[in-house]
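A quick write-up on the structure given underneath.
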Amino acid sequence: MYALTIPQRPEYKRDGDRHMSYRIKHEAKTIHADEAHLLSGMERLLFRLEQNRRSVLIGALTAIVAIAAVGGALWYDAQQEAAAADVYRKATQLVLDRPADNPAKAEDDLKQAIGLYRRLTEQYPRSRSAQLGLFQLGNALVQINDVKGGIEAYSKYVATYGTNKMMLGLVYQRLAYAHLLNGDREAAVKAFLNVLTLPGTLNKDHVLFELGKLEESLSRPEGALAHYQDLVKVFPNSPFAGEATVRMKALEAKKTPGGAPVTPPPADTPAKR
């Protein structure tokens, strides 16, 4: 321990009645200071670390383990994303490169692509590629006439990725076409109507046109006329507006006695943009 000596104040004494004299009395007072108080800031820090060495080591190891876990998870996710993207690329390449002059080879390539799309959606369900893969799986299944499989894939997309409103509109439209191929017109109408309830969907004009044709095929002219009118009013610049106008005139002529007959295109004719 260090010892500090502090001088004391002078002590005054009276000498007789005529004058005052004084003398200084020196007394040493010793104050003992703790060594820790005399250490610098860095030395105090090191002193405390030494005193709490066990706690510091445990905290450091915990932080290292946490950082390693986060880094490992990010690395794993990146690897999964890359692998999923590679599977999607291979499957899509098979679909796009099918030979037009070799139907057998084209069908075989399509089946291989379906296998890859299934692998993608089952093995990498959390990847970004899985969402597109599921949609493409439905399309491929319908192309090989597995309509029920296509309906199942589209329905799974709706249930799994229902928050993607932009893509959901197209999926519902493909689902409606699959229902039509399956002979279920009422289910197709419901799927088309779902598109109209979605905000920000870009295919509403096409869907209104398809709904009008469906209503015509179901012998419901009033419903068909309502859909055509909505199409022309809301989307006057749509490529479907012209044909919708022709069909509207034909339906109105049928309602007016003696009106000039106007023959619209067949209701089952697929619309083209």
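Read the figures in this text as sums done on the coordinates, not as results from a lab. Treat the numbers as computed from the prediction; the structure is a model and nothing was measured. No Cβ is skipped: glycine too gets one built from the backbone with ideal geometry, and neighbour counts run over all protein chains shown.
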(request) Could you tell me which of the pairs Lys213/Lys254; Lys156/Lys204; Lys190/Lys233; Lys111/Lys148 are separated by over 20 angstrom between their Cα atoms in the structure shown? (result) Lys156/Lys204; Lys190/Lys233
(request) Quote the FRET efficiency, to the nearest 0.05, computed for Lys233 versus Thr62 with a Förster distance R0 of 51 Å and r equal to the Cβ-Cβ distance. (result) 0.20
(request) Find the all-direction average of the projected area of the Cα convex hull for segment 138-214, expressing the result in square nanometres with one decimal place. (result) 4.6
(request) Please work out the Kirkwood hydrodynamic radius for segment 185-230, using every pair of different C-alpha atoms, and report it in angstroms with one decimal place. (result) 10.5
(request) For each of Glu215, Glu186, count neighbouring Cβ atoms within 10 Å of the residue's Cβ, then give the residues from fewest to most. (result) Glu186, Glu215
(request) Report the label-to-label distance for Asp86 and Arg98 in nanometres (one decimal), using points 7 Å from each Cα along the Cα→Cβ vector. (result) 2.6
(request) Calculate, in nm to one decimal, what Leu170 and Glu122 gain on full extension: separation in residues at 0.36 nm each, minus their alpha carbon distance. (result) 15.0 nm
(message) Just to be sure I understand the model, the point goes 7 Å from the Cα along the line to the Cβ. What's the resulting Glu152 to Asn182 distance in nm?
(response) 1.1
(request) For segment 173-226, give the magnitude of the charge dipole about the Cα centre (Cβ charges: +1 Lys/Arg, -1 Asp/Glu; no others), in debye to the nearest 20. (result) 140
(request) Please work out the FRET efficiency for the pair Lys254 and Gln143, using the Cβ-Cβ distance as r and a Förster radius of 30 Å; give the result to the nearest 0.05. (result) 0.20
